[in-house]
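Novice: Have a look at this one.
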Amino acid sequence: MTSTRSLSRSAPSTVGASTIVSSLLTVQTPGVGFTNLTSEIARFLREARGAEGQVTLFIRHTSASLTIQENADPTVLEDLLTVLRRLAPESGGWRHDTEGPDDMPAHIKTMLTSTSLQVPVLDGELALGTWQAIYLIEHRARPHRREIVLQFIGSTK
């Protein structure tokens, strides 16, 4: 049982979510790997004049995904790519290979990760932890043009 002395919480705040601001972010990926989107999402939030609420990201693809992960040690991202390759190898005997041997593994990797994220906004800032960043994960070997729908929902400054 957890002691109540080990828990703390700020007082609840109430915000009228009267504003929705949307934008379409286009990212040209170099091929398999992580692209850090954090600064671009923060810029969108500033342009939206977001104060309190949330930012939602939705990637409009089935062979790329979104995640929040470690932003300090690049070996974390390398290890995550290794795990995804092990979970969905190109040599898996997949029937779907319309666009090449990385086609079906890319779909599996997207299913295992995420196509949308929600990040709270507090005092006009993304409420990410110190070591967190928002990434697009490209699962295909060749470069692709990816589209991400951004929405801020909440109150503005």
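The values are calculated or read from the model by the stated rules, or taken from the named source; none is laboratory data. Please read these numbers as outputs of a predicted model, since none were measured by experiment. Neighbour counts are summed over all protein chains in view; Cβ atoms, including those assigned to glycine, are modelled from backbone coordinates with ideal geometry. Calculation scope for accessible area: heavy atoms of the full protein, side chains included, ligands and nucleic acids excluded. Shrake-Rupley method; radii C 1.70, N 1.55, O 1.52, S 1.80 Å.
Novice: Enter the angle in degrees (range 0 to 90, nearest 10) between the Cα long axis of helix 103-112 and the first principal axis of the Cα atoms of the chain, meaning the one along which they spread out most.
Specialist: Helix 103-112 sits roughly 30 degrees off the main axis of the chain.
Novice: Sticking with this structure for a sec: Averaging over all projection directions, find the projected area of the Cα convex hull of the stretch 31-157 and quote it in nm² with one decimal place. If you can, show how the numbers build up before the last one.
Specialist: Working: hull surface 31.0 nm².
Dividing the Cα hull surface by four gives the mean projection, 7.7 nm².
Novice: Another question, then. Just the accessible area per residue of the stretch 13-157, please: how many Å² with a 1.4 Å probe? If you can, show how the numbers build up before the last one.
Specialist: Values: 7970 Å² over 145 residues.
Heavy-atom SASA per residue in the stretch 13-157 reads 55 Å².
Novice: Would you work out which of VAL149, PRO120, ILE134 lies farthest towards the positive end of the dipole of the stretch 77-157, given +1 charges on the beta-carbon of Lys and Arg and -1 on that of Asp and Glu, about the Cα centre?
Specialist: Result: VAL149.
Novice: Quick check: the angle from helix 74-87's long axis to the longest principal axis of the chain, C-alpha only, nearest 10 degrees?
Specialist: So the inclination is approximately 50 degrees.
Novice: Could you size up the charge dipole of the chain around its Cα centre, putting +1 on the beta carbon of Lys and Arg and -1 on that of Asp and Glu, and report it in debye to the nearest 20? Walk me through the numbers before you get to the answer.
Specialist: Details: 15 positive and 16 negative charges, 69 e Å.
Roughly 320 debye for the chain.
Novice: Using the beta-carbon distance between ARG85 and ALA127 and R0 = 41 Å, what value does 1/(1 + (r/R0)^6) give for FRET efficiency, to the nearest 0.05? Mind dumping the intermediate values first?
Specialist: Numbers: r = 32 Å, r/R0 = 0.77.
Once the sixth-power term is evaluated, E becomes 0.80.
Novice: In whole percent, how big is the carbon plus sulfur part of the accessible area of the chain, probe 1.4 Å, protein atoms only? Please report the intermediate quantities before stating the final value.
Specialist: Details: 4920 of 9470 Å².
Ligands and nucleic acids excluded, carbon and sulfur give 52 percent.
Novice: Take every Cα pair under 8 Å in the stretch 78-139 that's 6+ residues apart, average their separations, divide by the length, and report that relative contact order as a whole percent. All intermediate terms of the calculation are to be shown ahead of the outcome.
Specialist: Details: 29 pairs, mean separation 15.6, N = 62.
Value for the stretch 78-139: 25 percent.
Novice: Separate question: For GLU99 and ILE20, what is the calculated FRET efficiency with R₀ set at 25 Å and r taken between the beta-carbons, to the nearest 0.05? Can you show the working numbers first?
Specialist: Values: r = 35 Å, r/R0 = 1.39.
Approximately 0.10, to the nearest 0.05.
Novice: Compute the label zone of LYS157 within the stretch 95-129: residues whose backbone N is under 13 Å from the point 7 Å along Cα-to-Cβ.
Specialist: It comes to 122-126, nothing else.
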